Structure formats: C-alpha cells, structure tokens
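The values are calculated or read from the model by the stated rules, or taken from the named source; none is laboratory data. Values in this document were obtained by computation on a predicted structure and should not be read as measured data. Backbone-built Cβ (ideal geometry, glycine too); neighbour counts: all protein chains shown. Only protein heavy atoms, including side chains, enter the accessible area calculation; ligands, DNA and RNA are left aside. Shrake-Rupley method; radii C 1.70, N 1.55, O 1.52, S 1.80 Å.
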Amino acid sequence: MKITRHYCLAAVSLCAVLFTTGCATTVSSRVSVFHEWPAELKNKSFVVDKSEKQANSPEFKAYEQLLREKLKQIGLIEANSADAASTTSVALSVTMNYASNLSEIQLSSPWDLALYDPFWRLHFNRGVVFYRRPFFYPRYYTDSLLMQDISVRRYYLHQLEVTITDKASGKKLSEIKASTEQLNPEINTSMHYLMDSAFLHFPGVSGSTVEVELPAEK
C-alpha cells in the first residue's frame with residue numbers, strides 16, 4: 001500500500017498532539033518580583049486589606065484564604081480582628097488583585113499546526129477546509145484526511161498581583177506578579193498554582209523575572 005505525503009503529515013501531527021498532551025505534567029508560571037524587604041523584620045504581623053467590592057466577593061474571600069496560608073508559610077503572623085485597624089500593633093498591609101484576559105487564539109489542522117491571530121483577537125467558528133483532490137491521490141486518503149474540521153484553541157492569561165506594604169509608613173516592601181497561560185478560561189483552576197509560584201522563593205531577587213514549573217494535579 002502506498003502512503004501519501006498528506007497521510008504521513010497527518011500521522012506525525014497526531015503523534016505530536018498525543019505526545020504534548022501526555023507530557024503536560026507541570027504548570028508553568030512567570031513570576032516578577034520587586035522588593036525592598038528588610039534583612040530583619042521584627043514585627044511580622046499582617047492584615048489583608050481589601051476594597052468594599054472585594055470584601056463582598058465570595059470569590060475574593062476564597063483566594064484570600066489561600067493568600068493568608070501562604071503568608072503564614074513564609075513566617076508572617078496574621079493579626080487578630082482587634083488589632084487589624086491599628087498601625088502600631090500590625091506591621092504589614094497586604095493587598096491582592098487578579099485578572100484574566102484572552103491571550104491568544106490558535107487555529108490548527110493536521111497539516112497546519114500553528115495559525116495564530118494574536119493581533120485581531122477574533123472569535124473564530126469551527127469550519128471545514130476543502131481541498132481539491134489531485135487526480136493521482138486515492139480518494140480514501142484525500143477525502144478522509146484533507147477535509148477536516150479546523151481546531152480552535154483559545155488561551156487565557158491568568159494574573160495575580162500581591163503587594164506587601166509597611167502599614168505605618170506606607171512604604172511598599174514587596175510587589176509580586178505571577179501569571180500563567182492556560183486553555184481553561186476560569187482563573188479559579190489556576191489560582192493555587194499562581195499563589196504557590198508567587199511565594200516559592202520569597203522574597204526572591206528584586207527586579208527578576210523567573211519561570212516556575214509546578215507539578216500539575218491530576
């Protein structure tokens with residue numbers, strides 16, 4: 001049996017897709033850090049400050065709990081409710097913001113693995129690619145392999161920003177930004193990866209941006 005060029009390309013493409021999905025065992029994040037963290041912090045108490053909108057958001061409260069746990073893991077101490085408003089009892093004010101944006105749209109077919117539209121950011125519908133079958137190609141291969149649905153992938157950029165400020169002076173001690181690009185549009189599935197990445201090497205090297213790989217949960 002003669003194997004055509006297009007059949008080989010389709011087979012190679014399928015193997016590449018299977019290999020990529022099978023090896024996706026980590027989650028990649030990019031973390032940028034700027035800080036003036038003191039060598040010795042005598043008062044390590046903190047409070048998470050939030051806007052009225054954030055205070056009324058159940059989603060924010062869920063992420064706030066993750067943030068509190070991370071702050072405790074790096075050695076900070078959460079202030080009790082009675083001391084939360086005090087600038088003398090509580091040393092640090094922590095704020096958090098997050099966002100998700102459509103990052104990239106990728107069109108692909110078994111023989112065209114990368115068609116991107118990062119500029120227009122259009123929402124494509126599924127379509128069919130039609131090819132004229134060369135007279136010397138058997139109908140079995142050309143009709144079944146060349147007339148395929150276009151695969152559409154939308155990538156989303158999930159971002160987290162955490163700022164730690166000296167409560168008394170208002171001086172910012174640490175600014176951390178973490179981001180990850182995922183197929184899932186919901187940031188909640190990536191938030192714990194972002195939080196882990198943000199504090200993995202705290203306080204980190206000021207002015208640096210590093211790539212962080214974390215094991216993906218199955």
Exactly one of Glu175, Glu217, Glu213 is acidic (Asp, Glu), surrounded by 14 or more Cβ atoms within 10 Å (Cβ to Cβ) and either farther than 29 Å from Lys42 by Cβ or touching a Ser or Thr at 6+ places or on another chain (Cβ under 9 Å) (or both), and that residue is Glu175
Report yes if some residue within region 151-168 is open to solvent by 60 Å² or more (accessible area, probe 1.4 Å), farther than 30 Å from Lys44 by Cβ and at pLDDT below 95; otherwise report no.
yes
With the condition kept exactly as written, say whether any residue in region 23-32 is surrounded by 14 or more Cβ atoms within 10 Å (Cβ to Cβ), in a loop (DSSP other than H, G, I, E, B) and either at pLDDT 50 or above or of a type in the set (Ser, Thr, Tyr) (or both).
no
Among (1) buried (at least 18 other Cβ atoms within 10 Å of the Cβ); (2) farther than 16 Å from Ser28 by Cα; (3) of a type outside the set (Gly, Ala, Ser); (4) modelled with pLDDT of 95 or more, which single condition is Ile187 missing?
(2)
List the pairs whose first member sits in region 151-164 and is touching a residue at least 60 places away in the same chain (Cβ under 8 Å), whose second member is surrounded by fewer than 17 Cβ atoms within 10 Å (Cβ to Cβ) and basic (Lys, Arg), and whose Cβ atoms are under 8 Å apart, counting only residues at least 6 apart or on separate chains?
Thr163/Lys172; Ile164/Lys172
Report, by residue number, each residue of region 39-59 that is of a type in the set (D, E, K, R), more than 12 Å from Met96 (Cβ to Cβ) and assigned to a loop (DSSP other than H, G, I, E, B).
Glu40, Lys42, Lys44
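Looking at the structure I just gave you, is Val94 at pLDDT 80 or above, open to solvent by less than 20 Å² (accessible area, probe 1.4 Å) and assigned to a loop (DSSP other than H, G, I, E, B)?
no
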Can you pull out the residues in region 48-69 that are out of contact with any strand residue (DSSP E or B) (no Cβ under 7 Å at 6 or more places or on another chain) and either open to solvent by less than 80 Å² (accessible area, probe 1.4 Å) or at positive phi (or both)?
Ser51, Gln54, Ala55, Ser57, Phe60, Ala62, Leu66
